[in-house]
1. May I ask you to list the residues in the range 42-81 that are aromatic (Phe, Trp, Tyr) and either open to solvent by 60 Å² or more (accessible area, probe 1.4 Å) or assigned to a helix (DSSP H, G or I) (or both)?
2. If you check Asn23, Asn6, Asn34, which single one turns out to be at pLDDT below 95 and open to solvent by 30 Å² or more (accessible area, probe 1.4 Å)?
3. Enumerate the pairs (first residue in the range 63-82 and closer than 17 Å to Asp38 by Cβ; second residue anywhere and open to solvent by 100 Å² or more (accessible area, probe 1.4 Å)) with beta-carbon separation below 9 Å, excluding pairs fewer than 6 apart on the same chain, so at least 6 apart or on different chains.
Amino acid sequence: DEFARNGCNGHANFGRFTEGQLNSQATLLMRGINVIGDSPPADYMIGHPGLWAYYLMDEPDCQDYFRADEWPANMRIGYHGMELERRCQVCRELDPQKPTLLTLDLTYKPANFYIYGQLADITNPDCYPISIGADLKMVREVVETARYGAGPHPLTFTFETYYHEPDTPPDPDKRRFPRPPTAEELRLSIHHALGAGARGLYNYIHCTERWN
């Protein structure tokens, strides 16, 4: 309800939507993106009006680095490629009217966009420059590069709206996430992304997580 009241027309879920959640989204004229994991879509998901796309995996390029540790670090990109292609085929066979979506971060860029950008129907890069002290123009550069790798498939983009609330260190200059983005920075991020070719936008809003 809160998302719909604030003008959002969709919701991406890192888990699986229940049938009741999809029904609620359809009632609110929203459509969700559902992570399927290594299992096929449930029967109630297929063709459901509250579901927009199947989310194959979150940031496989990042997971390549951490999970393929038996390989040299410079050769890990693409480790999950065959599994993701299998998930694509499953979704297309069971629910051909629903697109597949894959979110990529900046690990192994730009190779990640060219290796993984052709798998899903929609590629969705994310980029959080404020959290790493980078210039907001990084958004434009990331979206442009991802568009070249994923083309002719359409591209969406996840922009930075979250703020981790660190307890320590007390000096803001030494914190990994020193502050949330300003309203002007949010507008600039959106303009950079759309100007570089993004066809849709998501915002990552987790704002209560804390680092140990």
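The values are calculated or read from the model by the stated rules, or taken from the named source; none is laboratory data. All values derive from a computational prediction rather than experimental measurement. Cβ sites come from the backbone with ideal geometry, for glycine too, and all protein chains shown count toward neighbours. Please note that ligands, DNA and RNA were not included when accessible areas were found on the heavy atoms of the full protein model with its side chains. Shrake-Rupley method; radii C 1.70, N 1.55, O 1.52, S 1.80 Å.
1. Answer for the range 42-81, where residues must be aromatic (Phe, Trp, Tyr) and either open to solvent by 60 Å² or more (accessible area, probe 1.4 Å) or assigned to a helix (DSSP H, G or I) (or both): Tyr44, Trp52, Tyr65, Phe66, Trp71, Tyr79.
2. Asn6
3. Once the first residue is closer than 17 Å to Asp38 by Cβ and sits in the range 63-82, its partners that are open to solvent by 100 Å² or more (accessible area, probe 1.4 Å) give Asp64/Trp71; Ala68/Met75; Tyr79/Arg67; Tyr79/Trp71; His80/Arg67.
Each row is one residue, and each column tells you yes or no for (1) in a helix (DSSP H, G or I); (2) farther than 23 Å from Arg179 by Cα.
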site: Thr123; (1), (2): no, yes
site: Ile130; (1), (2): yes, no
site: Ala134; (1), (2): no, no
site: Arg140; (1), (2): yes, no
site: Thr158; (1), (2): no, no
